[in-house]
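Below is one structure, written out as structure tokens; comments come after it.
The values are calculated or read from the model by the stated rules, or taken from the named source; none is laboratory data. A quick note: this is a predicted structure, and the numbers were derived from the prediction, not measured. Because the Cβ atoms are built from the backbone with ideal geometry, glycine has one as well, and the counts that use them run over all protein chains shown.
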Amino acid sequence: MIEFGLRKIPCQQQKSFNLSYKGCKVGEFIPDLIVFDAVIVDTKTIDRITDLERGQMLNYLRITKLRVGVMLNFKNPKLEWERLVLLFVSISGKKHESFHPCRMRQRPARLTSTK
């Protein structure tokens with residue numbers, strides 16, 4: 001959060017979203033970060049990002065009605081990250097949901113100096 005503030009990047013930490021079923025509240029979802037009011041950032045410390053985490057991110061995107069999510073995994077010496085984009089496509093006039101993964105595994109983290 002400090003780095004986002006220093007770089008004047010707008011973000012919200014742990015914004016709450018109500019979950020409802022047939023009009024009744026059944027819980028809430030609280031994402032780690034929402035950046036630029038458009039991107040969910042989910043931080044992890046797991047062995048590797050799997051379909052389980054991808055599925056969770058897709059649900060997060062549906063709940064928040066946002067389209068882009070980024071998962072960051074800090075467990076290994078090199079940063080593992082993936083970006084998911086939730087797409088809505090029209091097939092024969094009907095709206096269908098799809099997603100596009102952008103997987104970048106074992107990419108080294110870039111640290112820049114603010115001197």
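Check whether at least one residue in the stretch 32-42 is over 23 Å from Ile2 (Cβ atoms), out of contact with any Lys or Arg (no Cβ under 8 Å at 6 or more places or on another chain) and either surrounded by 12 or more Cβ atoms within 10 Å (Cβ to Cβ) or in contact (Cβ under 8 Å) with a residue 40 or more places away in the chain (or both), and report yes or no.
no
Being more than 22 Å from Met1 (Cβ to Cβ) and at pLDDT 90 or above: is that true of Gly55 here?
yes
In the stretch 43-89, which residue that is more than 21 Å from Leu19 (Cα to Cα) and among the acidic types (Asp, Glu) is surrounded by the fewest Cβ atoms within 10 Å (Cβ to Cβ)?
So, considering only residues that are more than 21 Å from Leu19 (Cα to Cα) and among the acidic types (Asp, Glu), the one surrounded by the fewest Cβ atoms within 10 Å (Cβ to Cβ) is Asp51.
Within the stretch 7-35, restricting attention to residues that are under 13 Å from Lys65 (Cα atoms) and in a strand (DSSP E or B), which residue is modelled with the highest pLDDT?
Ranking the qualifying residues of the stretch 7-35, first place goes to Ile34.
Taking the options Thr45, Thr64, name whichever one is under 24 Å from Leu87 (Cβ atoms) and of a type in the set (Ser, Thr, Tyr).
Thr64
Considering the stretch 38-66 alone, what residues qualify as being over 18 Å from Lys78 (Cβ atoms), touching a Leu at 6+ places or on another chain (Cβ under 9 Å) and of a type in the set (Lys, Arg)?
Those that are over 18 Å from Lys78 (Cβ atoms), touching a Leu at 6+ places or on another chain (Cβ under 9 Å) and of a type in the set (Lys, Arg): Arg54, Arg62.
I need a count of the residues in the stretch 2-31 that are in contact with a strand residue (DSSP E or B) (Cβ under 7 Å, 6 or more places away or on another chain) and free of Cβ contacts under 8 Å to residues at least 24 places away in the same chain.
Residues in the stretch 2-31 being in contact with a strand residue (DSSP E or B) (Cβ under 7 Å, 6 or more places away or on another chain) and free of Cβ contacts under 8 Å to residues at least 24 places away in the same chain: 9 in total.
Residues in the stretch 36-81 that are part of a strand (DSSP E or B) and touching a helix residue (DSSP H, G or I) at 6+ places or on another chain (Cβ under 7 Å): how many?
5
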